[in-house]
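Right, one structure below, let's go through it.
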Amino acid sequence: MSFVSCGSSGDDEVPTYQEQKYTQHESPQWDNVAEAEKPSKKYASNMMVYVQLPDSMKAYISTADKMAAFCGSECRGTATLIDDVWCVSIWGADEENITLKYYCATNKYMYYSAETLVFKGDEHIGTYDEPRTVYFIVEK
């Protein structure tokens, strides 16, 4: 009688697929900036951006989600969610690069926009009826 093993030694093992795990975050406090530090007190120009998430992310939207605009690490404005459209009021100076950050309360992941926006005072990007689709990358 003989036995044949299907087991393998460590050298021949094939890695199995594992779903990528990302860092989970607590809900950010972007809207709790002290009055003296509010971007509207420091910058004269404002830009309005109407944003929607790509279809692949829409199923996870909740009223606990948050979105904000950043220039570097400085928060320049927070967004309001109306239906599935984010209305982002951004304060700054012309030609600054703005990154949007999105916190998804469902999975507790933090995302940042794949492309930056160039700040232009008094400009509107998108409309409520035709928001701009912004693609996001999950923070690792």
In µm²/s, what is D for segment 71-116 at 25 °C and 0.890 mPa s, where D = kT/(6 pi eta Rh) by Stokes-Einstein and Rh is the Kirkwood radius from Cα pairs? 206
Holding the Cα-Cα limit at 24 Å, pick out from 42/108; 21/58; 101/140; 41/120 the pairs that are longer than that. 42/108
Solvent-accessible area per residue for segment 85-125 at a 1.4 Å probe radius, Å²? 44
Could you check what % of the DSSP bridge pairs in segment 40-134 are antiparallel, to the nearest 5? 85
Does anything in segment 120-140 have its amide N under 17 Å from the 7 Å Cα→Cβ label point of residue 84, and if so which residues? 127-136
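The values are calculated or read from the model by the stated rules, or taken from the named source; none is laboratory data. If you're wondering where the values come from, they're calculated on a predicted model, not measured in any experiment. Counting neighbours? That spans all protein chains shown, and the Cβs are built from the backbone with ideal geometry, glycine included. Each accessible area value is taken on the protein alone, full model and side chains, heavy atoms only, with ligands, DNA and RNA left out. Shrake-Rupley method; radii C 1.70, N 1.55, O 1.52, S 1.80 Å.
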